[in-house]
Amino acid sequence: MVSIALLPGDGIGGEVMAATVPVLDTLMQRHRLPLDYRVLPWPATEWHRQHGSMMPDDAIDQLLDYDALLLGALGDPGPLDQPDRYRLPDSVSLAPLLTLRKSLNLWACERPARYYPGVPRYLSDPRARELDMLVIRENSEGEYAGQGGRLRAGTEDEIATQLEVFTYAATERLIRHAFERARQRARERRDEKRVRAFSGPGGETRESQVCLITKRNAQAFWGDLYDRVFQQVATEYADVATHHELVDAAAMKFVQCPWRFDVVVASNLHGDILTDLAAVLAGGLGVAPSANINPADASVPALFEPTHGSAPDIAGRNLADPRATLFSLALLLEWLGQRSVATADTKNSNEKNRLFSSAGHQLHETLITDLAAGHPASGTDAVGRRIANALR
Ligand code: IPM
Ligand code: MN
């Protein structure tokens, strides 16, 4: 039996997760998924109110018992018009997100941004409909290393330091993973007869591309490390076009010509910022999924979550679009379908993989059809029921 944990979290997290449950139930029945799920009351601000911490001390040990995790949202629980609600500093309420990513060693964060007909389109250039990129964000170190401190805090002599840490090992595995994904995307596009063209070094055509993001003109130390590793790994992937953008220029080009990007690989903070931008170009946070994975070890439970936060402004009002969570669930099922965990019974495990893949695929296709039909993005519960019905 495969088991997954649903972590609703805070704010709209509870609502989008409640809308997801009937969808998951329907998929389990329809595809006879050998799957159990359990809804956990943590991490959450409410758990903190009752227990004094966002999650139990043995949270990571408990989570290791699952095959995959789906998180709703974390942060201010809202609603904003309840000024006396139990609130925590962001650094406390959001900390479990970073703890989970780091403690479970989920070192790659994948955020696909693809434009599907029917979503809000913020760019007027018709070519923006061709937007189809996968941003891979470093998820274990860099600007999020969490080292540093404050001296003479609260005074006018205060000094704050925030150390950035970049290692060869984490850089190499990330960039290699980006090239692997580029290859895989080219294969999938070939199967679907929608081959794309990117130009290689001598002007020749390649079917996929990896674009490296740095700020090497100002932050040369890690910029040069990323650059060197990128050049080195690229020599093993002559079939993949390569490109580099400075992060500020990348932000501009995401808006100006987003169709020129395929796989984008970026540091933790650069990836964080660029993925909010990519999300809005692909229809907004209401439909933007994400996956935190350890590409080298499928026995570690991967963590899937919408890119949005707890949205306290609309929390409790049945207004949140649950489709970002549903797209994340589709990624989770596809991930379960692709991972090959060593097992004695290979035949059975291939069959299992096929079931999860087809459930993930069906959910993904159903969501695209739902978007194209221009159905309302809320109420949250109604959207969940509508998708569940469409799956039956
Ligand atoms: C995200 C979020 C988090 C991040 C915050 C809430 C710590 O913005 O998942 O993109 O920066 O990683
Ligand atoms: Mn973010």
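Where a number appears in this text, it was derived from the coordinates with a stated rule and is not lab data. All values derive from a computational prediction rather than experimental measurement. All Cβ positions, even for glycine, are placed from backbone atoms using ideal geometry, and neighbour counts span all protein chains on display.
Using r as the Cβ-Cβ distance of residue 32 and residue 381, and R0 as 22 Å, what FRET efficiency do you calculate, to the nearest 0.05?
0.25
Under the Kirkwood approximation applied to all pairs of distinct alpha-carbon atoms, what is the hydrodynamic radius of the range 309-351 in Å?
13.2
Hey, what number do you get for the chain at 222 nm if only DSSP H runs of n ≥ 4 count, each worth -39500 (n - 2.57), divided across all residues, to the nearest 500?
Helices in the chain give a 222 nm mean residue ellipticity of -13000 deg cm²/dmol.
Dividing the convex hull volume of the alpha carbon atoms of the range 192-256 by its residue count, what do you get in Å³ per residue?
Cα convex hull per residue, to the nearest whole number: 108 Å³.
Over the range 121-282, what lengths in whole Å, largest first, do the semi-axes of the equivalent ellipsoid take, defined as the square roots of 5 times the eigenvalues of the alpha-carbon gyration tensor?
The three semi-axes for the range 121-282 are 32, 19, 13 Å.
Treating only the Cβ atoms of Lys and Arg (+1) and Asp and Glu (-1) as charged, compute the dipole magnitude of the chain about its Cα centre; round to the nearest 20 debye.
The dipole magnitude comes to about 1320 debye.
Looking at the chain from every direction and averaging, what is the projected area of its Cα convex hull in nm²?
21.3
Taking R0 as 45 Å, what FRET efficiency do you get between residue 3 and residue 84 from their Cβ-Cβ distance, rounded to the nearest 0.05?
Once rounded, the FRET efficiency stands at 0.75.
Assuming R0 = 25 Å, can you tell me the calculated FRET efficiency for the pair residue 221 and residue 188, based on Cβ-Cβ distance, to the nearest 0.05?
So, using R0 = 25 Å, E works out to roughly 0.10.
Mean separation of Cα pairs under 8 Å and 6+ residues apart, divided by the residue count of the chain: what relative contact order is that in percent?
That works out to 24 percent.
Can you compute the charge dipole magnitude of the range 121-282 about its Cα centre, using +1 on each Lys and Arg Cβ and -1 on each Asp and Glu Cβ, nothing else charged? Give it in debye, rounded to the nearest 20.
With Lys and Arg at +1 and Asp and Glu at -1, about 700 debye.
Residue 372 to residue 346: extension gain in nm, 0.36 nm per residue of separation minus the Cα-Cα distance?
Net length gain for the segment: 5.5 nm.
Report, in whole Å, the centroid distance computed from the Cα atoms of the range 146-207 and the range 278-352.
Distance between centres, Cα-based: 19 Å.
Students often check this: by mean Cβ neighbours within 10 Å, which of 381-390, 280-289, 201-210 ranks highest, and how do the rest follow?
Answer by packing, highest mean first, reads 280-289, 381-390, 201-210.
If packing is taken as the mean number of other Cβ atoms within 10 Å per residue, what is the order of 215-227, 238-250, highest first?
The densest-packed peptide leads the list: 238-250, 215-227.
Please state the shape class of the range 254-294: rounded when a/c is under 1.5, otherwise prolate if a/b exceeds b/c and oblate if not, all from the C-alpha gyration tensor.
Because a/c hits 1.5 or more and a/b fails to exceed b/c, the range 254-294 counts as oblate.
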